[in-house]
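Working notes for the structure below.
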Amino acid sequence: MKLSQFITSSWPHLALPCLGAILCAFIALVGGASAGVTVILCVIIVGAAVAGVLLDYQRKRSFYADLAACIDDIEHPLWITEMVDGPDYLEGRLAYDALRTVSKAANDDVSEYRRQAQDYREYVETWVHEAKSPLAAAHLMLENLMEAVPADETGERLLGKTEALGEELDRVEGYIEQALFFARSESLDRDYLIRAYGLQKLVGDAVRANARVLMGAHVSPFRVGLDHTVFTDEKWMTFILGQLIQNSAKYAQGEGAEIVFTSRLIDEGRSSERIELEVRDNGCGVSESDLPRVFDRGFTGDNGRTGKRATGIGLYLVKRLCDKMGLTVRADSRAGEFFAVTIGFPTNKMHYFE
């Protein structure tokens with residue numbers, strides 16, 4: 001706090017003594033006092049007022065300066081009372097106590113909400129693990145049923161129905177997996193292991209994990225130039241690529257559907273050097289107006305209103321997890337022609353620990 005600001009805010013403490021000095025000077029002159037005595041009297045009154053304001057400023061400067069510094073620089077405003085010493089004057093002490101009370105109440109609320117969020121996240125994770133058991137059992141029963149189907153026309157119809165049921169079970173399992181990763185995305189730093197992985201392996205694992213989805217949608221995967229090595233977390237990256245694969249399969253357009261994985265080195269030798277992995281399909285794409293919002297939570301666009309069972313969560317999770325891992329992600333598309341998502345991996349692995 002500057003002295004000029006304090007004086008401006010304390011103008012009544014100066015204005016009133018000045019008015020009093022003028023009144024005393026008038027009375028002194030009327031009473032026959034000499035001009036010298038009158039001037040000395042006015043100087044004493046005004047000087048005492050100025051000295052009082054300066055002393056008051058000296059007492060309050062430290063508290064207000066610390067308060068102003070915390071407002072500008074503190075990482076979290078709820079910590080403000082821990083960063084500022086309590087003042088020794090009444091109005092400052094009242095303000096400090098009020099801040100402390102508000103801060104304590106806010107911190108208590110934040111702690112309670114964090115505890116509730118943690119409990120809910122743990123419940124979701126437990127529920128997901130429990131739900132996987134009956135799903136696995138259902139898959140096993142379907143496999144046994146398919147083996148027992150007779151080789152006749154009735155058996156072919158039954159086989160087609162069991163395969164459709166298997167696809168629906170895969171879809172349920174995918175949604176459950178989404179719930180798990182959504183819950184864990186808040187605590188990614190506690191479940192994150194950075195290592196060097198070849199893009200060929202990462203993409204291959206994701207394709208194999210979603211093979212049934214690709215076959216069901218008649219989408220052919222192609223890998224082009226995936227000879228780069230990136231630093232990332234295998235589990236999270238496999239999930240991200242799986243979401244992109246499922247998204248492409250969902251919006252595939254009949255025969256000749258394909259999804260192409262391509263990598264390239266960008267800005268070699270510069271600080272922005274990175275490896276970009278592009279996942280491109282020849283599906284229905286998205287309109288130019290929808291493209292800026294494809295990563296928004298719950299956004300489905302025009303395509304999501306045509307019975308595609310879109311949830312608007314898959315691409316949102318892709319963006320959220322990439323941001324958490326320090327990766328760049330962008331989308332490009334042309335309606336009716338293609339849709340592409342490009343993920344950028346910084347070549348400096350220390351980038352992930354900033």
- Message: So K308 passes all but one of these: (1) closer than 29 Å to E168 by Cα; (2) at pLDDT below 90; (3) open to solvent by less than 50 Å² (accessible area, probe 1.4 Å). Which condition number does it fail?
- Response: (3)
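To keep it simple, each residue is scored yes or no on (1) within 18 Å of I176 (Cα to Cα); (2) open to solvent by 50 Å² or more (accessible area, probe 1.4 Å); (3) charged (D, E, K, R); (4) at pLDDT 80 or above.
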| site | (1), (2), (3), (4) |
| --- | --- |
| I74 | no, no, no, no |
| E82 | no, yes, yes, no |
| D85 | no, yes, yes, no |
| Y89 | no, no, no, no |
| R93 | no, yes, yes, no |
| S111 | no, yes, no, yes |
| Q116 | no, yes, no, yes |
| W127 | yes, yes, no, yes |
- Query: Counting just the residues of region 285-298 that are open to solvent by less than 60 Å² (accessible area, probe 1.4 Å) and closer than 19 Å to G242 by Cα, which one comes out modelled with the lowest pLDDT?
  - Reply: G298
- Message: Could you tell me how many of the residues in region 132-181 are over 19 Å from V213 (Cα atoms), under 33 Å from the mean Cα position of the chain (by Cα) and among the acidic types (D, E)?
- Response: 0
- Note on the structure: Checked region 211-236 for anything under 21 Å from C322 (Cβ atoms), open to solvent by less than 30 Å² (accessible area, probe 1.4 Å) and out of contact with any strand residue (DSSP E or B) (no Cβ under 9 Å at 6 or more places or on another chain); matches are W236
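Quick one: how many residues across region 25-57 are over 29 Å from E91 (Cβ atoms) and not polar (S, T, N, Q)? Let's see the steps before the verdict.
Here is the first cut: in region 25-57, the ones over 29 Å from E91 (Cβ atoms) are 25-43.
Then keep just the ones that are not polar (S, T, N, Q); that gives 25-33, 35-37, 39-43.
Residues meeting the conditions: 17.
Conditions tested, residue by residue: (1) more than 30 Å from Y316 (Cβ to Cβ); (2) modelled with pLDDT under 80; (3) open to solvent by 30 Å² or more (accessible area, probe 1.4 Å).
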position	(1), (2), (3)
K132	no, yes, yes
A138	no, no, no
E147	yes, yes, yes
R157	yes, yes, yes
L165	no, no, yes
E168	no, no, yes
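Within region 328-349, work out how many residues are in contact with a strand residue (DSSP E or B) (Cβ under 9 Å, 6 or more places away or on another chain) and farther than 21 Å from D296 by Cα. Spell out the reasoning first.
Residues of region 328-349 that are in contact with a strand residue (DSSP E or B) (Cβ under 9 Å, 6 or more places away or on another chain), as a first pass: 328-333, 338-349.
Now narrow it down to the ones that are farther than 21 Å from D296 by Cα: 345-349.
So the count comes out to 5.
Residue check: is L188 closer than 20 Å to V329 by Cα, open to solvent by less than 10 Å² (accessible area, probe 1.4 Å) and modelled with pLDDT under 90? Spell out how you get there, then give the answer.
On the way: closer than 20 Å to V329 by Cα: yes; open to solvent by less than 10 Å² (accessible area, probe 1.4 Å): yes; modelled with pLDDT under 90: yes.
For L188, the condition - closer than 20 Å to V329 by Cα, open to solvent by less than 10 Å² (accessible area, probe 1.4 Å) and modelled with pLDDT under 90 - is met.
Scan region 53-67 and tell me whether some residue there is part of a helix (DSSP H, G or I), open to solvent by 50 Å² or more (accessible area, probe 1.4 Å) and over 24 Å from G86 (Cα atoms).
The answer is no; no qualifying residue exists.
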- Message: I need a count of the residues in region 317-354 that are small (G, A, S), modelled with pLDDT of 90 or more and in contact with a Cys (Cβ under 7 Å, 6 or more places away or on another chain).
- Response: 0
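The values are calculated or read from the model by the stated rules, or taken from the named source; none is laboratory data. As the structure is a computational prediction, the values presented were derived from the model and not from experiment. As a convention, Cβ positions derive from the backbone with ideal geometry for all residues, glycine included, and neighbour counts pool all protein chains shown. Side chains included, ligands, DNA and RNA excluded: accessible areas come from the protein's heavy atoms. Shrake-Rupley method; radii C 1.70, N 1.55, O 1.52, S 1.80 Å.
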